[in-house]
1. Suppose we keep only residues that are touching a Lys or Arg at 6+ places or on another chain (Cβ under 7 Å) and surrounded by fewer than 20 Cβ atoms within 10 Å (Cβ to Cβ) within segment 142-158. Which one would you say is modelled with the lowest pLDDT?
2. Asp55: assigned to a strand (DSSP E or B), within 29 Å of Val161 (Cα to Cα) and either within 17 Å of the chain's Cα centre (by Cα) or at pLDDT 85 or above (or both), yes or no?
3. Name the residue, out of Gln163, Gln176, that is at pLDDT below 90, surrounded by 13 or more Cβ atoms within 10 Å (Cβ to Cβ) and of a type outside the set (D, E, K, R).
4. Is it the case, given these coordinates, that Leu87 is surrounded by 13 or more Cβ atoms within 10 Å (Cβ to Cβ), at pLDDT 80 or above, farther than 30 Å from Leu172 by Cα and in contact with a Phe, Trp or Tyr (Cβ under 9 Å, 6 or more places away or on another chain)?
5. Return a yes/no flag: does segment 186-196 have any residue that is touching a Phe, Trp or Tyr at 6+ places or on another chain (Cβ under 9 Å) and outside the structural domain of Ser75 (by TED's automatic domain parsing).
Amino acid sequence: MLPGFDDNFFKKFGVEFSPNEIIFCEFEIGTEFYFIQSGKVKIVKVINNMEKILDVMTTGDIFGEMSILEQEPRSATAIAMDYVKVLKFHRDNFDALLETNPQLAYKLLLIFSKRIYDAKRRLMILLLDEPALKVMDVLLMLAEQDPRLDLMQETHIPVAVQQVASWAGMTLKSVQEELNRLQHLNKIEIFRDRIVVKNIRDFQRLITSRRKSMYT
């Protein structure tokens, strides 16, 4: 049981899903968001006619929360990976959450802020029209998340090729080709669990220059 909620709260707001059951679909209008009590949920999106797993959520995670901020179609599909128990909230009972558990309300506020930033940053990547720049911008974005980032040193980014493909909205094959090309140019080194960028400032300058040319 998540902290701050008693059994009566779960009886009122609790919902269960079976393995492979769809919780909500991409493109449908969202009015609810969910706290996971137990189980795992995968967030998937169709990109270039291929289903991509964007994230896997587990106990204590929140998903679908953008429906509280906007009345737009869902940007992805949520599917139960096993037996899942969640707390289901919508606009009408959101006040009950705020009043009952201010700590989780604060956590939700932080998640709202991060999700808004992530959505804006992903859109910036997708608007780039060159595959190489998309890949470089994904690496730049991930590097910027490290508070210890030093532009004067090699940048070690703990990321898999699949994750880069997901952020860039590209096929795994296309991303691998771009990464191989960058490695051949001695711009990066590719390892199983990370990518090392030799000079992240080069990527930053190229992407900034390209964006300026797009809007002038």
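1. Taking segment 142-158 as the starting set, the residues that turn out to be touching a Lys or Arg at 6+ places or on another chain (Cβ under 7 Å) are 151, 154, 156-158.
Okay, now just the ones that are also surrounded by fewer than 20 Cβ atoms within 10 Å (Cβ to Cβ), so 151, 154, 156, 158.
Details: Leu151: 72, Glu154: 88, His156: 90, Pro158: 89.
Once the filter is applied, the top-ranked residue is Leu151.
2. When the stated conditions are applied, Asp55 passes them.
3. On the way: Gln176 fails: at pLDDT below 90.
Testing whether each residue is at pLDDT below 90, surrounded by 13 or more Cβ atoms within 10 Å (Cβ to Cβ) and of a type outside the set (D, E, K, R) leaves just Gln163.
4. Yes: the conditions hold for Leu87.
5. Our first condition is that a residue be touching a Phe, Trp or Tyr at 6+ places or on another chain (Cβ under 9 Å); within segment 186-196, this holds for 187.
Applying the additional criterion that residues be outside the structural domain of Ser75 (by TED's automatic domain parsing) yields 187.
Yes, that holds for at least one residue.
The values are calculated or read from the model by the stated rules, or taken from the named source; none is laboratory data. No experiment lies behind these values; they were computed from the predicted model shown. Don't worry about glycine lacking a Cβ; one is built from the backbone with ideal geometry, like all the others, and counts go over all protein chains shown.
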